[in-house]
Structure formats: C-alpha cells, structure tokens
Amino acid sequence: MYKKICYRCSQTSYSSTRIDNWYCPYCQLDLTSTKGAAVNHTLNVESIMSRLERQRGIKIYQNYQVR
Ligand SMILES: [Zn+2]
C-alpha cells in the first residue's frame, strides 16, 4: 500500500502498487513523478477502500450533474 500527497491540493491518495500513472483523485494533477510513501499495513484498509468508494460515488454524481 502506497500513498502520495498531492502538492497542489494537499489531499492524500492511496494505491496498492506504485502504478505507472498516478493522478490525484481530487484535482487530477499528475503525481506520477511524486515520490510515494509506503503505508503501514496495520492501517485499516477497509476504511480506505470505503473512502475511495465514496469518492468514486461522488465523482459519478458530479458527472451526472455536469451532463
Ligand atoms: Zn490534488
């Protein structure tokens, strides 16, 4: 588990791997070249996943609104 903190909006994003392309889920800034930090595995993964799911839901909602 890795995390990156966006240097534009200061929000933290998580990924299971250091993927090739990493975009801030909040402001879509390209964080690929930003150094990722390993996250302590004792951290509650489920709470992170539910947060990601919620963000995805919000994004879908926003897309629906824009449409
Ligand atoms: Zn950002």
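Worth a mention:
- Taking a ≥ b ≥ c as the square roots of the eigenvalues of the Cα gyration tensor, an a/c ratio of 1.5 or more together with a/b no larger than b/c marks the stretch 1-57 as oblate.
- Local electrostatic count, E53, Cβ distance below 15 Å [Lys/Arg +1, Asp/Glu -1]: +3
- Residues with amide H under 5 Å from that of T32, placed H, sequence gap 5 or more: W22
A short reminder: the numbers here are calculations on the coordinates, not readings from a lab. Only a predicted model underlies this, so the values are computations on that prediction, with no experimental measurement involved. Glycine also receives a Cβ, built like all others from the backbone with ideal geometry; neighbour counts cover every protein chain displayed.
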